[in-house]
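Just so you know, all these numbers are worked out from the coordinates, no wet-lab data involved. Computed from a prediction, not measured in an experiment: that's the story for all the values here. Ideal geometry is used to build each Cβ from the backbone, glycine not excepted, and the neighbour counts take in all protein chains shown.
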Amino acid sequence: MAFSHFPIIELDTIDSTNNYAMQLIDANKAQQGLTIVAQNQVAGKGQRGKSWLDSPGQSLLMSIIVLPQGEISSQFVFNASIAVAVANVLQKFVPAGIHIKWPNDIIINDKKAGGILIENVLRGSRWTHSVIGLGLNVKQEAFHSSLPYATSLKIATGTGTDIAKLRDDIREYIIQAVLSPLPPEKTMAQYNDLLYKRNRKQSFRDVHAKWDASILSAHKDGTLEVQLNDGSKVFYQHGQVIWDWGG
């Protein structure tokens, strides 16, 4: 399948490629596969209102507008398919070091290299559009001491990567996942195969305490199943607990 007919808007500096994409949708100027890329974002968006910081010209900053085929109830499976698509491309560079940290951070060799933010548009009860935002560290060779768990493709591979070629490869895999979705069970199986820290202990915390739990699997509803030290199994919703990078 040829993907060259899906247009790309290339920008130097923007507040957020996701914001730009949303403005196009609001103005009825969006179409399947329309992609916005930027050299620099001054107000990049992360999960749950967090900011995404980038170094100009060193990151892949991209938002893709797509027309989902499923129901809004299948939102997490859709998200999982996108994360798997990105991970599959990156495995070409780091075959054994790519994972997905629940729900959608991209991990290379136990450090965060990028994140995916998907924003959905509902009109009535219809799920009409999704904006798939990706921020990926590509060419950075070092990070500030305040970001001890950050990494990039350059750090992981020791070689340079053509950001435009990487963009095109990832975009192709993402659009393919949207246009030809796999059955939910297969998507979740692929996602869980890539799930970071699966069957290993991880520290979590909230405003009251910190504890360890063994990560078991993610489910179609977006919950993360873990096993506590007493043997009991619980399910976390995204935002309910904080992932403690130090443990």
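Given 5 Å bins starting at zero, what is the percent of C-alpha pairs of region 201-243 in each, up to the one with the largest pair distance?
For region 201-243, the binned pair fractions read 6, 23, 35, 26, 10, 1 percent.
Excluding Ile175 itself, what net charge comes from residues whose Cβ is under 13 Å from its Cβ, given Lys and Arg +1 and Asp and Glu -1?
My count for the surroundings of Ile175 gives -1.
For region 126-213, list log₁₀ I(q)/I(0) at each q in 0.15, 0.19 Å⁻¹, using the Debye formula over Cα point scatterers of equal strength and ignoring solvent, two decimals each.
The computed values of log10 I(q)/I(0) come out as -0.99, -1.19.
How big is the convex hull of the Cα atoms of the chain, per residue, in Å³?
134
Taking the highest mean first, how do the peptides 139-151, 207-219, 162-174 order by number of other beta carbon atoms within 10 angstrom per residue?
Descending mean neighbour count gives 162-174, 207-219, 139-151.
Can you spot the lysines whose alpha carbon is less than 18 Å from Lys186's alpha carbon? Ignore those fewer than 8 places along the same chain.
Reachable lysines: Lys220.
Provide the net charge surrounding Gly246, with neighbours chosen by a C-beta distance below 14 Å and charges set as Lys +1, Arg +1, Asp -1, Glu -1.
Overall, the nearby charge balance is +3.
Let me know the charge dipole size of region 8-193 about its Cα centre in debye, to the nearest 20, where only the beta-carbon of Lys, Arg (+1) and Asp, Glu (-1) is charged.
Taking the Cα centre of region 8-193 as origin, the dipole is about 180 debye.
Take every Cα pair under 8 Å in the chain that's 6+ residues apart, average their separations, divide by the length, and report that relative contact order as a whole percent. Mind showing how you got there, number by number?
Working: 480 pairs, mean separation 40.8, N = 247.
17 percent.
If I model a spin label at Val94 and His144 as a point 7 Å from the Cα along the Cα→Cβ vector, what separation in nanometres do I get?
So the label points at Val94 and His144 sit 2.2 nm apart.
Take peptides 220-232, 181-193 and line them up by average Cβ neighbours within 10 Å, highest first, as a rough protection proxy. Don't jump to the answer; show the numbers that get you there.
Details: 220-232: 14.2, 181-193: 16.2.
Most protected by this proxy first, the peptides run 181-193, 220-232.
Starting from the Cα of Lys112, draw a straight line to each of the lysines and keep only those under 23 Å, dropping any in the same chain fewer than 8 residues away.
Partners within reach: Lys45, Lys50, Lys92, Lys101, Lys139, Lys154, Lys165, Lys197, Lys201, Lys210.
Please work out how much length the chain gains when fully extended from Trp243 to His5, using 0.36 nm per residue of separation minus the C-alpha to C-alpha distance, in nm with one decimal.
Using 0.36 nm per residue and subtracting the Cα-Cα distance, I get 81.7 nm.
Just order 65-73, 112-120, 125-133 by mean Cβ neighbour count inside 10 Å, highest at the front, would you?
Ranking, from highest mean packing down: 112-120, 125-133, 65-73.
Roughly what would the spin-label model give for Asn28 and Ser180, points 7 Å off Cα along C-beta, in nm?
3.4
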